[in-house]
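Scroll down for the structure; my scribbles are underneath it.
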Amino acid sequence: MIGHFLVKGLDRGVAITLLVVLAIGVLIPASNLLLPEGHALHVPTYLLTLFGKYATYATLALALDLVWGYCGILSLGHGAFFALGGYAMGMYLMRQIGSRGVYGNPILPDFMVFLNWKELPWYWHGFDHFGFALVMVVLAPGLLAFVFGWFAFRSRVTGVYLSIITQALTYALLLAFFRNDMGFGGNNGLTDFKDIVGYNVQSAGTRATLFFLSCLLVAVGLLVTSAIVKSKLGKVLIAIRDAESRTRFIGYRVATFKTVVFTVSAMLAGLAGALYVPQVGIINPGEFAPANSIEAVIWVAVGGRGTLVGAIVGAVAVNWGKTWFTGALPELWLFALGGLFVLVTLFLPKGIVGTWSAWTAKRRAARDAAPAAAE
Amino acid sequence: MPFLARRLARLAVLLVALIALPFAGGSASAQDISAPLAKLATDSYADTGAAIAELAASGHPRAAAIVQAIQDGKLEFDAASHAVVIRGAASVVDAATGAAIATPPAGLSPVRVNNRVRTALAAAVGSLTLMSPDPVKRREAADAVFKSRDAATLPILEAAIAKEGDARIRLALQVARAAVILTKPEASDDARVEAAATIKERGDQEAVSLLRSLPEGSAKRVKDAAEAAAKSIETNLALWSSAQNALYGISLGSVLLLAAIGLAITFGVMGIINMAHGEMVMIGAYTTFVVQEVIRAHAPGLFDWSLTIALPLAFLTSGAVGVLIERTVIRWLYGRPLETLLATWGISLILQQSVRSIFGANNREVGAPSFMSGSLDIGHLSITWGRMWIVVFALSVFVGLILILKKTPAGLQMRAVTQNRAMAAAMGIRTPFVDALTFGLGCGIAGIAGVALSQIDNVSPNLGQSYIIDSFMVVVFGGVGNLWGTLVGALTLGVVNKFLEPFAGAVLGKILVLIFIILFIQKRPRGLFALKGRAVES
């Protein structure tokens, strides 16, 4: 079935993007590791990490596009799922520090020793196993999304109401994770990581591997989401987006569909967060800030809502712009970002990719029409 | 036995009062203290000590100054003429009258002190403040005795109680006396039981801790009486603290109401998700800052009027920005709420950064006019005047807004357009104009909220951000499209928040409120006061 999908179901845009992402995932680490410094094609390590970060953002954008672009759920709290995945990975990395922390406690992370905690809280148990941490990376955001979605969609909270309470959700989590007695490092979050599955997180090889994995996740995410979108499930989702009541009256259980797609999307976001943390080297409550989640929405809007490739393009383009602006013209960045929000919604409602495909389709139609007219 | 003790105590009070009366009760002429003044001029330690005691008991208005002068070594006398003077920095004044002396006698020498005189001085200072003509000082002195519980002050206290005219200060003095008696193991049990009852009148936490810290070996009766008094105070205090929480809750609720009420118009009535609403509040706050800067520079006398002047200006500034936003951006996005949300979020970023570029990223100081400083105390309740005015202000803005919407032609048109746009247009209402006007009104109200919030919050570019989520919660909780819902929602959330704080802490309390709202929305997706009828469907 998957083979059938790969041959027939992939449209050209998705296929090309898959190839490009995978090529980048192999070539950039190769150039970083194999070519000597100073070589014209050598990619410095800081750029490698930066692009790795973009890749995880692109995955987050994909997850958001799945629910917003195809199911009409504008989540202003997807950053929360991303951060939860990040925290799950961060907890594993904290446990890997072992007795190399400042206080040298083999079990307790430094911040717990500092707060005079005597033993590990129950929810930290098991995070010394990588497998368990990986399960939690998916499970924690998935479970939150499932419970939240179950309640919200069943009682038909839709549209802007849903957007506002997703924002309240991430805001409540932000406040909660700031508290020291939650046991997640409070204000400072989790940092000072040493090892990941036995390899030093700082080493060139680990960074290259993490970068490759991030690109792989983008590719897999793109495959999975486009498979969902192309399937019968995807058709129902689009129907819900365009006419929710009608879909319900036809007999589909709208709440169930929404809950499922919301949960899948949250899991994908959690995976992205898990790859984000070892590359950036820190996770703190700031990741829960409502502003972060809204920024992710604008990535999707810029790239093109409802085009999966667009989510990736938008995430990379906006973040590249952010990196450039905050370096060159820091005081202008918020003007640029704010302007982007306004201009894209007013003049580019389909985003870059959506507008491009509309334009090429029109040209193709004109070209097809021209010979017909000549005959 | 108790009868006898009470009689004795009364007798003692009477006696001391009788001794004190000739000095204290008489007229405050220089004649009364001429005897102790004469003693001061004899240059003998024994006479000086006696003179100080007499001065202290006299309650004469000059007594405190004279005793203070002895303590500072500034009281001087002329051995020949027996004149007693106080040496000031530049001049010499007569000790008895306080009048300046143009040509002081030549042979002045200071009144000398030794340890015995110093002891007399300390006692005199204590009792003089208990007898001071200034009621505030008397009150402070009574509280000081309550804290020190020095048995030596007992006679002076009793004299002061007898003489005191102000009922509240007399109570304070009696409580101080009771505190001394309660903690004095020599006092009779009856006197101490009575003292416990008197201390109950004070009714605060300090009284409780005093009642709970009886000396070892006190009789069971005394202990029981003290414990009963402490319990009664605690019950009373718990009631007061609930009242205080409710008051703080109403204060927080009125802040929420101010922040949300403009949103109740733009989101609740028009259905526009204005994420830049917080920035309208911020613009109002910065308008206040600018107005105060101008007043400080050009007309400092008008400072108390600065908020009054800032109100209309803030309304106009924020309202104008609102109309501009509506005309340039939002009107293209009617019927696309999610896009409106994103576009206005973008606008909020631009406004924040503009303010940061103009005024800098730091907090700006906005002063409070004099009528807003200080606090209002009723019983054990205390609230600052600033907060109190905000409660009043929030309610008047609310009433004003209701009147505008319900009683003016413009309000009628606004309601008509939001209820049925097509029909309103058919009736000849210029709907685009009304849209801009309504949006401007909502933003203008946010602006005047900013004037009030500048008094209790930091005026910084991030001011609005901290209110936006709370404001949306209030409107959604109260029910969209219903101003009364916003009022009830804001006050409920404020009070609930303040009642949760003592148990859960400020942050956890806030989280609990957010979770509560999220769950509440599941149950009643349209809020507390849902609109009924056709308007719901659109």
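Data for the structure
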quantity	calculated
Unmet criterion (only one of (1) modelled with pLDDT of 95 or more; (2) more than 17 Å from A:N292 (Cβ to Cβ)) for A:F82	(2)
Residue in segment B:498-510 that is at pLDDT 75 or above, over 36 Å from the mean Cα position of the chain (by Cα), at the interface with chain A (Cβ under 9 Å from one of its Cβ atoms) and open to solvent by less than 50 Å² (accessible area, probe 1.4 Å) present	no
Odd one out for B:S218, checked against (1) among the hydroxyl-bearing types (S, T, Y); (2) in a helix (DSSP H, G or I); (3) not assigned by TED's automatic domain parsing to the domain that holds B:V180	(2)
Extreme residue, farthest from A:A58 (Cα to Cα), among residues of segment A:310-335 that are buried (at least 21 other Cβ atoms within 10 Å of the Cβ) and within 14 Å of chain B (Cβ to nearest Cβ)	A:L334
Sole exception among (1) without any contact (Cβ under 8 Å) to a residue 24 or more places away in the chain; (2) open to solvent by less than 20 Å² (accessible area, probe 1.4 Å); (3) more than 30 Å from B:A151 (Cβ to Cβ) for B:A95, by number	(1)
Within segment B:332-423, helices (runs of 4 or more DSSP H) holding 1 or more residues that are more than 14 Å from chain A (Cβ to nearest Cβ) and of a type in the set (A, V, I, L, M, F, W, C)	B:385-407, B:409-419
Unique match (being in the same structural domain as B:W389 (by TED's automatic domain parsing) and under 27 Å from B:L351 (Cα atoms)) among B:V495, B:V488, B:V513, B:V475	B:V475
A:A243 vs. criteria touching a residue at least 24 places away in the same chain (Cβ under 8 Å) and open to solvent by less than 60 Å² (accessible area, probe 1.4 Å)	no
Boolean, B:S132 is crowded, with 16+ Cβ neighbours inside 10 Å, closer than 19 Å to B:L173 by Cβ and either touching a residue at least 60 places away in the same chain (Cβ under 8 Å) or not assigned by TED's automatic domain parsing to the domain that holds B:I199 (or both)	yes
Unique match (being within 23 Å of B:F433 (Cα to Cα) and out of contact with any strand residue (DSSP E or B) (no Cβ under 6 Å at 6 or more places or on another chain)) among B:G278, B:G268, B:G253	B:G268
Residue that is part of a helix (DSSP H, G or I), free of Cβ contacts under 8 Å to residues at least 60 places away in the same chain, within 28 Å of B:Q419 (Cα to Cα) and of a type in the set (V, I, T), where the choices are B:I469, B:I515, B:I448, B:I511	B:I469
Helices (runs of 4 or more DSSP H) lying entirely in segment A:148-252 (those with 3 or more residues that are within 14 Å of another protein chain (Cβ to nearest Cβ) and at pLDDT below 90)	A:159-178
Sole residue being open to solvent by 10 Å² or more (accessible area, probe 1.4 Å) and at pLDDT below 90, chosen from A:L41, A:L139	A:L41
Where B:I250 falls short, out of the listed (1) open to solvent by less than 40 Å² (accessible area, probe 1.4 Å); (2) in the same structural domain as B:G494 (by TED's automatic domain parsing)	(1)
Hits in segment B:349-365 (condition: in contact (Cβ under 8 Å) with a residue 24 or more places away in the chain and either closer than 19 Å to A:G338 by Cβ or not assigned by TED's automatic domain parsing to the domain that holds B:Y286 (or both))	B:L351, B:Q352, B:Q353, B:V355, B:R356, B:F359, B:A361
Per-region count, segment B:99-129, residues in contact with a Leu (Cβ under 9 Å, 6 or more places away or on another chain) and part of a strand (DSSP E or B)	1
Number of positions in segment B:34-77 that are part of a helix (DSSP H, G or I) and over 42 Å from the mean Cα position of the chain (by Cα)	14
Breaking point among (1) open to solvent by less than 10 Å² (accessible area, probe 1.4 Å); (2) over 23 Å from B:G527 (Cβ atoms); (3) part of a helix (DSSP H, G or I); (4) of a type in the set (A, V, I, L, M, F, W, C), for B:L463	(3)
Qualifying positions in segment B:193-207 - assigned to a helix (DSSP H, G or I) and either open to solvent by 10 Å² or more (accessible area, probe 1.4 Å) or not assigned by TED's automatic domain parsing to the domain that holds B:L173 (or both)	B:V193, B:E194, B:A197, B:T198, B:K200, B:Q205, B:E206
The lone exception for B:G489 - which of (1) at the interface with chain A (Cβ under 9 Å from one of its Cβ atoms); (2) over 24 Å from the mean Cα position of the chain (by Cα) it fails	(1)
Segment A:142-170: number of residues that are under 22 Å from B:K510 (Cα atoms) and open to solvent by 40 Å² or more (accessible area, probe 1.4 Å)	4
Unique residue being among the basic types (K, R), assigned to a helix (DSSP H, G or I) and surrounded by fewer than 19 Cβ atoms within 10 Å (Cβ to Cβ) when the list is B:K231, B:K184	B:K231
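Residues are listed down the side, and each one gets a yes or a no for (1) more than 29 Å from the chain's Cα centre (by Cα); (2) of a type in the set (S, T, Y):
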{"residue": "B:G444", "(1), (2)": "yes, no"}
{"residue": "B:G450", "(1), (2)": "no, no"}
{"residue": "B:S460", "(1), (2)": "no, yes"}
{"residue": "B:G478", "(1), (2)": "yes, no"}
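The values are calculated or read from the model by the stated rules, or taken from the named source; none is laboratory data. Being a predicted model, the structure only gives us computed values, none of them experimental. Neighbour counts are summed over all protein chains in view; Cβ atoms, including those assigned to glycine, are modelled from backbone coordinates with ideal geometry. The area values use the complete protein model at the heavy-atom level, side chains included, leaving out ligands, DNA and RNA. Shrake-Rupley method; radii C 1.70, N 1.55, O 1.52, S 1.80 Å.
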